[in-house]
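Asker: Quick one: structure below, then a few questions.
Every number here is computed from the coordinates shown, using simple stated rules; none is lab data. In this text, all values refer to a predicted model and were calculated from it rather than measured experimentally. All Cβ positions, even for glycine, are placed from backbone atoms using ideal geometry, and neighbour counts span all protein chains on display.
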Amino acid sequence: MTTPTAAPTTARIDQLVDDVREAVGRGLPPDTTAYLVGERLAAHLGSFDLLTPEQREGDPDRYRQHILHAEHDGSFSIVALVWLPGQETCIHDHVSWCVTGVHEGTESERRYRLVPDGTTARLVATEDVVNAQGDVCGFAPPGDIHRVRNACSSTAISIHVYGADVSRLGSSVRRVYDLPADEL
């Protein structure tokens, strides 16, 4: 992932920020908050006026993160991830709840479960999910181990809302897993 970039705002992003702020401000448990944020995010996906041309730019070497908003109190951040064909994450989990919506293209996700294996551990693939434009999914730790990739032949863009300030953290990733993985 490239270094996070600060982003100018659009009227549509401003509305999304207000929508997310209302949901997060309720102070509900992480899984309920993620559900409410997902409902609000879905209404903005696919809108031509959500991102600026610069926020749609990818990186030929790895997926690119554009920070669209970080709430002043650190309660949430909104990020656009731009994926060129074949780009993917490592297997990882997150520091907080997360909601992801596909704005453009298609993203493939493989989910894993961590299983004790004697004195070590291994990963077991539990599910493959393909998310198309408009699809939203959310999760809250623990149990959020996955890998995401752009398996299509065109650019994919997803909007991520995290319950943390990624402008300070640099990323939402808590841990990267370099363990044996039993695949589907």
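Asker: Could you list all residues from the stretch 76-103 that are within 9 Å of the chain's Cα centre (by Cα) and of a type in the set (Gly, Ala, Ser)?
Answerer: Hits for the stretch 76-103 are Ala80, Gly101.
Asker: Can you tell me which residues in the stretch 150-165 are within 10 Å of Cys98 (Cα to Cα), of a type in the set (A, V, I, L, M, F, W, C) and surrounded by fewer than 23 Cβ atoms within 10 Å (Cβ to Cβ)? Steps first, please.
Answerer: Initially, the stretch 150-165 is screened for residues within 10 Å of Cys98 (Cα to Cα), giving 160-164.
Now narrow it down to the ones that are of a type in the set (A, V, I, L, M, F, W, C): 161, 164.
Hit for the stretch 150-165 is Ala164, nothing else.
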